[in-house]
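The structure appears below as structure tokens.
Every number here is computed from the coordinates shown, using simple stated rules; none is lab data. Remember, predicted model here, so these are calculated numbers, not experimental data. When we count neighbours, we look across all protein chains shown, and the Cβ atoms used for this are built from the backbone with ideal geometry, even at glycine.
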Amino acid sequence: EKGTYPHFMLKEIDEQPLVMRNIIQQYQNENHELVLDEEIRNALLKADRLYIIACGTSYHAGLVGKQFIEKMAGIPVEVHVASEFSYNMPLLSERPLFIYISQSGETADSRAVLVETNKLGHKALTITNVPGSTLSREADYTLALHAGPEIAVASTKAYTAQLAVLAIVAADLAKAKGKDFGFNLLKELAIVGTAMETICGQKDELEKIAKEYLETTRNAFFIGRNVDFYVSLEGALKLKEISYIQAEGFAGGELKHGTIALIEEGTPVVALATQSSVNLSIRGNVKEVVARGANPCIISMQGLNMEGDRFILPKVNEVLAPLVTILPLQLISYYAALHRDCDVDKPRNLAKSVTVE
Ligand code: F6R
């Protein structure tokens, strides 16, 4: 039920702080640590390389998850788009473990790969919002997202739930391997939840931004470096699927290798700046596009913000920044679609779960 909300998408965006709290509750042990089942931990630790398989938004979550797991736990991870995997199966390591990320647990492209890796005898873990779904039943292990039903076609709360669960996987494996990644995940995820609440309270401002940059544009670019690049891919996907604006996410440094030719007077460029190591270089990219007439919308994190930034995210641990950076992008997409009279919850040509290959 939508309750007082005009659309499921807006309701589901607003539920994200609650989903963070649910996940914290579901995954914490009696010592207030976020942990995995021992069986799942042991299976993951046995692997010498993890292969994440997913589609669409779940694939974008996988890209961020790879960073979490590699940087925090030091385990190599590859991320593959499910529909390409069978044609282009990478050379597998000696002891691979497959992680299927799927909100619905019913996506045919992902299932086709699972059938194949099951045949090869490789262990599989499904991270899904629907325990009992096909992908969950056919894999050896399941981790639940605890996001509650997601009805809007555009995935929002499932994405942030996927990121949170992937962070828990990374932290649990890091601890098991005696690696100190330098922060308390439970505490930092609680801060993320509060930051999400703050952003959800800034809808008027985000609606204004959507009107100003996206009400009439034909196209839009999202740029970021490091993990912000992955968030820019997800931001662009959100915008295109519900507002039908041609949108592309780019690594900041890659624009000048071709795509900058598309920048015209007034082209909106949303630039993400949440990572201190690349704060100056992403701003350099903004200068390059502004020199070609772009209309820049810089979204930065408190502490890294500079004059002229259009939206400042509340400060959270930099590693977890994607969990909050995506919220303004979800809301901007929502308002862009609304003001362009699009069917927000049921965009044309799309289905909630894609059960054909
Ligand atoms: C985008 C979206 C899709 C899904 C994709 C995978 O908002 O919803 O890109 O993320 O179809 O679906 P699941 O996660 O159910 O496997």
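Based on Cα coordinates alone, diagonalise the gyration tensor for the chain, multiply each eigenvalue by 5, take square roots, and list the semi-axes in whole Å, largest first.
Values: eigenvalues 199, 96, 87 Å².
The equivalent ellipsoid of the chain has semi-axes of 32, 22, 21 Å.
Put a dot 7 Å past the Cα of SER276, heading toward its Cβ, do the same for LEU45, and the two dots end up 3.2 nm apart.
Each Cα pair under 8 Å and six or more residues apart adds its sequence gap; the mean of these over the residue count of the range 233-357 is a relative contact order of 30 percent. Counted by Cβ distance under 14 Å from ASP228, the other residues give a net charge of -2, where Lys and Arg count +1 and Asp and Glu count -1. If you run the Gaussian network model on the chain, springs between alpha carbon atoms under 10 Å, then out of LEU233, LEU114, LEU18 the most flexible one is LEU18.
A simple packing score, the average count of other Cβ atoms within 10 Å per residue, orders the peptides 153-163, 235-245 as 153-163, 235-245, with the highest score first.
Before anything else, pin down the relative contact order of the chain: Cα pairs under 8 Å, at least 6 apart, normalised by residue count, whole percent. Write down the numbers at each step before the final one.
Numbers: 688 pairs, mean separation 70.4, N = 357.
That works out to 20 percent.
Taking Cα centre as origin and charging only the Cβ of basic (Lys, Arg, +1) and acidic (Asp, Glu, -1) residues, the dipole magnitude of the chain rounds to 340 debye.
For labels at LEU92 and ALA351 in the simple 7 Å Cα→Cβ model, what's the distance in nm? Using points 7 Å along Cα→Cβ, the separation is 2.9 nm. Relative contact order for the range 70-226: 18 percent, from Cα pairs under 8 Å spaced at least 6 residues apart, divided by residue count. Ellipticity at 222 nm from helices only: DSSP H runs of n ≥ 4 in the chain, each -39500 (n - 2.57), divided by the residue count, give -13500 deg cm²/dmol.
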